[in-house]
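Below: the structure, in structure tokens.
The values are calculated or read from the model by the stated rules, or taken from the named source; none is laboratory data. On a predicted model such as this, the values are computed, not experimentally measured, just so you know. Backbone-built Cβ (ideal geometry, glycine too); neighbour counts: all protein chains shown. Keep in mind that these areas ignore ligands, DNA and RNA; they rest on the heavy atoms of the full protein, side chains included. Shrake-Rupley method; radii C 1.70, N 1.55, O 1.52, S 1.80 Å.
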Amino acid sequence: MTQTRDPLVLTQGNIVRVAADAIVNAANTSLLGGGGVDGAIHRAAGPELLAECRPLNGCPTGEARITGGYKLPARHVIHTVGPVWQGGHKGERELLARCYRSVFELVERHGLRSVAFPSISTGAYRFPISEAAPIALREIRSALVRLPQLEQVTVVLFSEEDLSVYREALAAAGAPA
Ligand code: AR6
């Protein structure tokens with residue numbers, strides 16, 4: 001049997017350097033920028049990104065919006081708003097899953113073939129990464145099964161520790177179906 005490359009790739013690095021059809025931004029409901037990965041993406045893309053975001057009038061938690069990538073190597077940015085972790089009894093897990101699904105709806109609609117995600121909600125929004133990783137990986141696997149156009153999904157983890165958590169979650173979930 002020939003070994004094919006897994007379309008799901010985990011890597012450590014800075015998402016602003018990734019040349020994919022789209023990179024995903026962990027934004028807030030204003031879509032007007034912030035700290036963390038959001039700040040890094042806006043800085044690297046340049047002020048045209050904020051100019052395109054402003055008339056979008058924000059984005060509710062769990063939804064997503066698409067813009068150009070401007071000075072980024074990525075063609076598009078898909079902005080999604082993750083839930084703030086409030087202890088786990090406020091629908092946070094479902095809202096996080098919804099973020100991934102909303103991103104993939106845009107990926108499908110725009111015929112994108114490669115997309116790179118940061119670990120949504122696990123920074124300033126304090127979602128425990130050990131709980132977020134299996135949700136992210138489950139939704140990514142499900143999209144890869146559903147969307148034949150989708151060739152590669154990369155999760156770009158900012159630290160080696162975060163990469164280890166995702167690797168363990170991937171191993172625990174087993175091989176792709
Ligand atoms: N590349 C990849 N991952 C990164 C990068 C980067 N350049 N920078 C940070 N991370 P966060 P959230 C990781 O806080 O929790 C913003 O202010 C980071 O280590 O960026 O969804 C928004 O405006 C962490 O693992 O996003 C919102 O107000 C992950 O990205 C709020 O933060 C997410 O951390 C959103 O909080």
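Computed values, structure above
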{"item": "One residue from ARG126, ARG109, ARG146 being among the charged types (D, E, K, R) and closer than 23 Å to GLY69 by Cβ", "result": "ARG109"}
{"item": "Residue within the range 7-22 that is modelled with pLDDT of 95 or more, away from the ligand (no atom under 11 Å from the Cβ), surrounded by fewer than 17 Cβ atoms within 10 Å (Cβ to Cβ) and β-branched (Val, Ile, Thr) present", "result": "yes"}
{"item": "Test for CYS59: is it without any contact (Cβ under 8 Å) to a residue 40 or more places away in the chain, within 12 Å of the ligand (Cβ to nearest atom), open to solvent by less than 10 Å² (accessible area, probe 1.4 Å) and more than 11 Å from the chain's Cα centre (by Cα)", "result": "yes"}
{"item": "Any hit, the range 66-88, residues being open to solvent by 60 Å² or more (accessible area, probe 1.4 Å), among the basic types (Lys, Arg) and farther than 15 Å from VAL16 by Cβ", "result": "no"}
{"item": "Enumeration of residues in the range 98-127 that are within 14 Å of the ligand (Cβ to nearest atom), open to solvent by 30 Å² or more (accessible area, probe 1.4 Å) and not β-branched (Val, Ile, Thr)", "result": "ARG98, GLY123, ALA124, TYR125, ARG126"}
{"item": "Boolean, HIS42 is touching a strand residue (DSSP E or B) at 6+ places or on another chain (Cβ under 6 Å), within 23 Å of PHE158 (Cα to Cα) and buried (at least 19 other Cβ atoms within 10 Å of the Cβ)", "result": "no"}
{"item": "Top-ranked residue in the range 24-37 [being within 13 Å of PHE158 (Cβ to Cβ) and within 14 Å of the chain's Cα centre (by Cα); ranked as most open to solvent (accessible area, probe 1.4 Å)]", "result": "GLY36"}
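A quick yes/no check of all residues on (1) open to solvent by 50 Å² or more (accessible area, probe 1.4 Å); (2) modelled with pLDDT under 95; (3) over 14 Å from the mean Cα position of the chain (by Cα):
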position	(1), (2), (3)
ILE129	no, no, no
ARG138	yes, no, no
VAL145	yes, no, yes
GLN152	yes, no, no
LEU157	no, no, no
GLU160	yes, no, yes
VAL165	no, no, yes
LEU170	no, no, yes
GLY174	no, yes, yes
